[in-house]
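The values are calculated or read from the model by the stated rules, or taken from the named source; none is laboratory data. Not measured: the values here are computed from a predicted model. Here the Cβ positions follow ideal geometry from the backbone for every residue, glycine too, while neighbour counts run over all protein chains shown.
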Amino acid sequence: MAELPNRPIGVTVPGMNSFLVLLSQVSAEVAVATDPDDVGPRQALLLAIHAGVNAPRGHDSRVGWDQFASTLAEADRELQAGLRDPVDLVTANVPPIDPVDENGEPLRTNVVVLTRQLSDLFDAAAVAGQGAPWRQIVWAKVAQCLADAADDLA
């Protein structure tokens, strides 16, 4: 995640033309992240919340997306509460949300993958004992919220 802290999520990179491409790129960056308090993972969480709030909804999926977004927003509040430098998502630079990508992969699947990756990152940091003990407790709580949200949306 070397480049992400220097480049906020949503800043267009060459070849990026859809929300799902951005989601895929962010997911790849989260997969190699090690510090959940870095800007990149925190922005990735905000991107997942953005997807939860703005995903196209049918009658059968409205409750699932709404619950997902609410649970992630709670996790974000918990995560950022003790930090001096809150992170915001620059939504003006985020492409419109497509319900499926070029290969027919649904948005829901991609958002669940990112959310599970974030959960794993927070859980690994809490278990590894990195950071202050109070941050480990926060990361463990956030990891559980993210895992629950991903399970509910899947």
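Please work out which one of (1) over 15 Å from Ser18 (Cβ atoms); (2) touching a helix residue (DSSP H, G or I) at 6+ places or on another chain (Cβ under 9 Å) is the condition Asp98 fails and give its number.
Just one mismatch for Asp98, condition (1).
Search region 124-154 for residues being under 27 Å from Asn110 (Cβ atoms) and of a type in the set (Val, Ile, Thr), and hand back the single one that is surrounded by the fewest Cβ atoms within 10 Å (Cβ to Cβ).
Checked region 124-154; the qualifying residue surrounded by the fewest Cβ atoms within 10 Å (Cβ to Cβ) is Val127.
Given the criterion farther than 29 Å from Gln130 by Cα, acidic (Asp, Glu) and at pLDDT 90 or above, identify the matching residue among Asp60, Asp66. Don't jump to the end; show me each part of the working.
On the way: Asp60 fails: at pLDDT 90 or above.
Testing whether each residue is farther than 29 Å from Gln130 by Cα, acidic (Asp, Glu) and at pLDDT 90 or above leaves just Asp66.
Does any residue of region 131-142 turn out to be over 11 Å from the mean Cα position of the chain (by Cα) and within 21 Å of Phe19 (Cα to Cα)? Even if it seems obvious, please write down each step before you answer.
Of all residues in region 131-142, those over 11 Å from the mean Cα position of the chain (by Cα) come to 131-142.
Checking the rest, the ones that are also within 21 Å of Phe19 (Cα to Cα) come to none.
No, region 131-142 has no match at all.
If a residue has to be crowded, with 19+ Cβ neighbours inside 10 Å and either modelled with pLDDT of 95 or more or closer than 17 Å to Gln43 by Cα (or both) to count, how many in region 90-112 make the cut?
4
Inside region 59-73, can you point out the residues that are of a type outside the set (Ser, Thr, Tyr) and over 11 Å from Leu45 (Cβ atoms)?
In the first step, residues of region 59-73 are kept if they are of a type outside the set (Ser, Thr, Tyr); the result is 59-60, 62-69, 72-73.
Of everything in region 59-73, those that are of a type outside the set (Ser, Thr, Tyr) and over 11 Å from Leu45 (Cβ atoms) turn out to be His59, Asp60, Arg62, Val63, Gly64, Trp65, Asp66, Gln67, Phe68, Ala69.
What number of residues within region 33-76 are touching a helix residue (DSSP H, G or I) at 6+ places or on another chain (Cβ under 6 Å) and hydroxyl-bearing (Ser, Thr, Tyr)?
1
Just checking, how many residues over region 79-88 are closer than 14 Å to Asp38 by Cα and out of contact with any Lys or Arg (no Cβ under 9 Å at 6 or more places or on another chain)?
Of all residues in region 79-88, those closer than 14 Å to Asp38 by Cα come to 79-80, 82-88.
Still in the running and out of contact with any Lys or Arg (no Cβ under 9 Å at 6 or more places or on another chain): 84-85, 88.
Residues flagged as closer than 14 Å to Asp38 by Cα and out of contact with any Lys or Arg (no Cβ under 9 Å at 6 or more places or on another chain) within region 79-88 amount to 3.
Since Ser24 meets every condition but one in (1) modelled with pLDDT under 95; (2) among the small types (Gly, Ala, Ser); (3) under 22 Å from Trp139 (Cβ atoms); (4) surrounded by 15 or more Cβ atoms within 10 Å (Cβ to Cβ), which condition does it not meet?
With respect to (1) modelled with pLDDT under 95; (2) among the small types (Gly, Ala, Ser); (3) under 22 Å from Trp139 (Cβ atoms); (4) surrounded by 15 or more Cβ atoms within 10 Å (Cβ to Cβ), Ser24 is out only on (3).
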